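Some notes on the structure that comes next.
The values are calculated or read from the model by the stated rules, or taken from the named source; none is laboratory data. What you see is a predicted model; the values in this text were computed from it and never measured. Note that we place each Cβ from the backbone using ideal geometry, even for glycine, and neighbour counts take in every protein chain shown. Surface areas here come from the heavy atoms of the whole protein model, side chains and all, with no ligands, DNA or RNA. Shrake-Rupley method; radii C 1.70, N 1.55, O 1.52, S 1.80 Å.
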Amino acid sequence: MRVLERAWYSGACWPRVLFPLEYLFVTLAKRQRAKKQADAWQAPVPVIVVGNISVGGTGKTPVVVALITMLRQAGYNPGVVSRGYGAKPPYVPYRVTADCTAQVGGDEPTMIVQRTDVPLIIDPDRPAACRALLESAQCDVIISDDGLQHYALQRDIEIAVVDSQRGLGNQHCLPVGPLREPAQRLTECDFIIINGQGAFNYPEAARMVLVASKLVPLQAELFPVSVAEWAGKSVHGVAGIGNPERFFLALEALGLKVIRHSFPDHHPYRDEDIAFNDGLPVIMTEKDAVKCRALKLPESTYYLPVDAQFDNGFEAHLLERLTQKISERANHG
């Protein structure tokens, strides 16, 4: 898979031999989309979908966390539904709680709940997850995490997140390129968010930056550390996310000297993965920390929480669009 990823983003020509498979993939995806949309279920409250059209991480989770905060500040009571990739709950639909392990609730859903205490249901069946959410919590807006291609659920607002460094790669669909859907799919979305300050751009897109100010220890008896205090210090960077390099570059931008340790997205960590035995601090993503708390970690192990900030009036435009959709629902009700 990593060989393919390098080819998608480096401009290599050899994936073109897979053109027939790309045609088959796009044809089947269109057919599946039409079939699901024909019978799609509409929730009784507005649904905001956050997703992407490329494989791998683009920064959707910080967007979901930011949406929860901005919706609450605007007077809404949001809830979240998620597939719960890699989760092994005892049953579905399953409500993720703050004391769930990542193995049960999934790393991203568990992290979202621990950060925000939002009601969150995991189930590959998104309509079922929504129904369970509405039965168990007083929600007036639903956020569907990584739900752009889950067409069995109708949506009121679509938000697509794109990595600013990787962009859309060679702009081909799988397996020739990294896209789950053709690039034109972005024209259908209500909002495009570009994560970071890389070269990729898109008309009227909002730019997102992830802001960090402190390092949080995984051991409760230690205290958070200001990132500025560690400027110039060598650290082990650990990332098991869709694009680990983005995390390492963020650490370097904060003045740290990073020894890189990349793992696959949703990697199930073991003690030996973090055993570097040289006394240097270890810094990982918040998503990785959710999975590593039960391990035998070096004492100086921290995670870097980040908060999303948006430009281009994104928050005001989103709330305005949501008000519009609620009005439309009332008029058609």
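Find the residue count for the stretch 153-179, including only residues that are under 30 Å from Pro93 (Cα atoms) and surrounded by fewer than 18 Cβ atoms within 10 Å (Cβ to Cβ).
Total satisfying the criteria: 1.
(1) touching an Asp or Glu at 6+ places or on another chain (Cβ under 7 Å); (2) in a helix (DSSP H, G or I): which one isn't true of Val258, the others all being true?
The one condition Val258 does not meet is (2).
What are the residues in the stretch 268-297 that are surrounded by fewer than 18 Cβ atoms within 10 Å (Cβ to Cβ) and part of a loop (DSSP other than H, G, I, E, B), if any?
Pro268, Arg270, Ala275, Phe276, Asn277, Asp278, Gly279, Leu280, Arg293, Ala294, Leu295, Lys296
On the basis of being over 24 Å from the mean Cα position of the chain (by Cα) and over 30 Å from Thr285 (Cβ atoms), does Arg33 make the cut?
So Arg33 does not fit the description; no.
List, please: which pairs have Cβ atoms under 9 Å, are six or more places apart or on different chains, and start with a residue in the stretch 28-43 that is more than 20 Å from Arg180 (Cβ to Cβ) and of a type in the set (D, E, K, R) and end with one that is assigned to a loop (DSSP other than H, G, I, E, B) and modelled with pLDDT of 95 or more?
Final answer for the pair search is Asp39/Ala152.
If a residue counts only when it is within 25 Å of Val209 (Cα to Cα) and touching a residue at least 60 places away in the same chain (Cβ under 8 Å), which strands (runs of 3 or more DSSP E) contained entirely in the stretch 45-159 have at least 2 such residues?
47-51, 78-82, 141-145
When both residues are 6+ apart or on different chains and their Cβ atoms are under 7 Å apart, which pairs have a first residue that lies in the stretch 210-235 and is more than 12 Å from Tyr303 (Cα to Cα), and a second that is of a type in the set (Gly, Ala, Ser) and not in a loop (DSSP other than H, G, I, E, B)?
Qualifying pairs under 7 Å: Leu210/Ala250; Leu210/Ala308.
Checking Val227 against (1) of a type in the set (Val, Ile, Thr); (2) more than 27 Å from Glu315 (Cα to Cα); (3) buried (at least 21 other Cβ atoms within 10 Å of the Cβ), which single condition isn't satisfied?
Going through the list (1) of a type in the set (Val, Ile, Thr); (2) more than 27 Å from Glu315 (Cα to Cα); (3) buried (at least 21 other Cβ atoms within 10 Å of the Cβ), Val227 breaks only (3).
Quick one: Leu168 ticks every box in (1) in contact (Cβ under 8 Å) with a residue 40 or more places away in the chain; (2) not in a loop (DSSP other than H, G, I, E, B); (3) not β-branched (Val, Ile, Thr) except a single one, so which number is it?
Only one criterion is unmet by Leu168, namely (2).
Select from the stretch 34-44 the residues that are assigned to a loop (DSSP other than H, G, I, E, B) and open to solvent by 10 Å² or more (accessible area, probe 1.4 Å) and write down the one among them that is farthest from Cys173 (Cα to Cα).
By that ranking, first place goes to Pro44.
Hey, among the residues in the stretch 267-311 that are closer than 24 Å to Gly105 by Cα and small (Gly, Ala, Ser), which one's modelled with the lowest pLDDT?
Among those that are closer than 24 Å to Gly105 by Cα and small (Gly, Ala, Ser), it is Ala294.
Hey, Thr187 hits all of (1) surrounded by fewer than 18 Cβ atoms within 10 Å (Cβ to Cβ); (2) part of a loop (DSSP other than H, G, I, E, B) but one; which does it fall short on?
Result: Thr187 passes all but (2).
Please tell me if Val26 is of a type in the set (Val, Ile, Thr), modelled with pLDDT under 95 and either over 22 Å from Glu320 (Cβ atoms) or over 23 Å from the mean Cα position of the chain (by Cα) (or both).
Judged against the criteria, Val26 is not a match.
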